[in-house]
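The next block holds one structure in the form of structure tokens; read it before the comments.
All of the numbers you see were taken from the coordinates with simple rules; none came from a lab. These numbers were taken from a predicted model, which means no experiment stands behind them. Using ideal geometry, Cβ is built from the backbone for each residue, glycine included, and neighbour counts are taken over all protein chains shown.
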């Protein structure tokens, strides 16, 4: 999502919160909505899926302190600005010149710009430079060669699966022109991609600026990234851990795999599935399944009697004995 779109999207309204909300309360509000509209809870409901994506997009921006500050500042500027200042002419799209033109009393006069319109009309008038005043263009007062266009920053949010596999996204550039951006496989949250020549055009025929795109990756409800590896917590019953079992473990975007849990497996043990992590040009990672022994919250009478008999038949070994001895030094 490019920064220019922030003018039109009220992320606080999307999450149903006030602008002064704390990060902790923001997280609570997001989790409540995410549980309500998650696709797994609403199979086949396209409206719920769209709502979930909207919620994730809003939280991705507001949960990041720096992005939230930028978002608030951009929204405060008003809906007349856009993140690209290209264009000019009689029907040119609005840009930063619309904002700064109002501040300095110059520029932003659509249909009256003689040299393409933009920053040169504002700052050129202040410092005697080119653009709109009959001065020769090409750097400060016409010296030093053509003026390069300014770089533009934007942000886009993608889902976890897309980030691992890569994809092409479309951004809205200056004057509404689409910009195709290839997201590489394995991209991480916060990664910055630079697109040469996709920024603001030069006011006097020089090289265009660059587009610096920050990629935000939505969190996954099951998997986490660890370099090229994927981590997942897999619950097993006490009986499966004690006696051993063959269990199914989910994979990202694919069918589950079957893993053997050895008898006597404790919580925290990690089972590795080769090659089922993230694949990039640098190689492929693994799927790391961390075993968690699930303790039942309620026992029937028969189950309790069976466990009492199990304890009575035990050796009386204290599993914390070694820990306590080490703690005493």
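When the alpha carbon gyration tensor of the range 239-281 is reduced to an equivalent ellipsoid, the three semi-axes, largest first, read 24, 11, 7 Å.
Which ordering of 192, 198 is given by a fewest-first count of other beta-carbon atoms within 10 Å? Walk me through the intermediate numbers first.
Values: 192 10, 198 24.
In order of increasing Cβ crowding within 10 Å: 192, 198.
Which of the peptides 23-30, 48-55, 199-206, 212-219 is most tightly packed, and how do the rest follow, going by the mean number of other Cβ atoms within 10 Å of each residue?
Details: 23-30: 14.5, 48-55: 16.8, 199-206: 21.2, 212-219: 19.2.
Taking the mean over residues of other Cβ atoms within 10 Å, the ranking is 199-206, 212-219, 48-55, 23-30.
Counting every Cα pair in the range 224-314, what percent are over 17 Å apart? List each step's numbers first, then the result.
Numbers: 2301 of 4095 pairs.
Summing the P(r) tail past 17 Å for the range 224-314 gives 56 percent.
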